[in-house]
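The values are calculated or read from the model by the stated rules, or taken from the named source; none is laboratory data. These figures come from a predicted structure and were not determined experimentally. Cβ placement follows ideal geometry from the backbone for every residue including glycine, while neighbour counts extend to all protein chains displayed. Protein only, heavy atoms only, side chains kept; ligands, DNA and RNA dropped before computing areas. Shrake-Rupley method; radii C 1.70, N 1.55, O 1.52, S 1.80 Å.
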Amino acid sequence: AQTIHQWPVAEIKAVGSPLSLGCTIKGKSSPNLYWYWQATGGTLQQLFYSITVGQVESVVQLNLSASRPKDDQFILSTEKLLLSHSGFYLCAWAGGSQNTLYFGAGTRLSVL
Amino acid sequence: GDSVTQTEGQVALSEEDFLTIHCNYSASGYPALFWYVQYPGEGPQFLFRASRDKEKGSSRGFEATYDKGTTSFHLRKASVQESDSAVYYCALGDLMGYKLTFGTGTSLLVDP
């Protein structure tokens, strides 16, 4: 069975500080991976997707970047956090018998 | 672009009430339609999907039927339980195109 793990579970960061969030998927070879962002009480907004190592496509510009250094790993980062970056970050993989998205447990980010 | 409009805000019901959450979509082509459920502090969980006109998706007592004529995919459940309290998201997309677009979410609160 596939498992998806996100880290850290939560972060409290200062405006202007750097950020790195991670996601690892096990049990799935060459998965399509996604980053979504959810403002508190808001909907899910797709940020990036990646279909292979070293290749990332940006969907929305939010002064964030993403990388896929390994087949099973997806990283979200920025060098300078903004207040507007606060929210819930979700990693997901696509596939399965239902050809749908399966989400991780998320990382709660508070920027102060 | 593609968009999803669903029942806004919160729906408050009592146990054993009938549930309807409306979902209408706007899209070019023939998108797949999805329902997800999100419990507090967790990532969204896939409920079910439908891919063609008149197809019914169902899971855990919830169901919805793809209606191309009215561009709708309304979520229904005959008898809700307190444990169904969560936020429900309608989504449309094409994972071959690497994109899933979510509605704004509907919060369901079921009183025991």
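Structure notes:
- Out of B:Asp53, B:Asp17, one residue alone is away from chain A (no Cβ under 14 Å), without any contact (Cβ under 8 Å) to a residue 24 or more places away in the chain and at negative phi. It is B:Asp53.
- Residue count for region A:57-112, restricted to those that are within 11 Å of chain B (Cβ to nearest Cβ) and touching a Ser or Thr at 6+ places or on another chain (Cβ under 6 Å): 1.
- Test for A:Lys26: is it basic (Lys, Arg), at pLDDT 95 or above and either more than 14 Å from the chain's Cα centre (by Cα) or surrounded by fewer than 14 Cβ atoms within 10 Å (Cβ to Cβ) (or both): no
- B:Tyr88 more than 11 Å from chain A (Cβ to nearest Cβ), under 27 Å from A:Ser50 (Cα atoms), at pLDDT 95 or above and under 13 Å from the mean Cα position of the chain (by Cα): yes
- Meets criteria (part of a strand (DSSP E or B), within 13 Å of another protein chain (Cβ to nearest Cβ), open to solvent by less than 20 Å² (accessible area, probe 1.4 Å) and touching a strand residue (DSSP E or B) at 6+ places or on another chain (Cβ under 7 Å)) for B:Phe34: yes
- With respect to the conditions (1) assigned to a loop (DSSP other than H, G, I, E, B); (2) within 14 Å of the chain's Cα centre (by Cα); (3) modelled with pLDDT of 95 or more, A:Val60 falls short on a single one, namely (3).
- In region B:55-71, the residues that are open to solvent by 10 Å² or more (accessible area, probe 1.4 Å) and touching a Ser or Thr at 6+ places or on another chain (Cβ under 9 Å): B:Glu55, B:Lys56, B:Gly61, B:Thr65, B:Thr71
- Subset of region B:18-27 (residues that are touching a Gly at 6+ places or on another chain (Cβ under 9 Å) and either assigned to a loop (DSSP other than H, G, I, E, B) or crowded, with 21+ Cβ neighbours inside 10 Å (or both)): B:Cys23, B:Tyr25, B:Ala27
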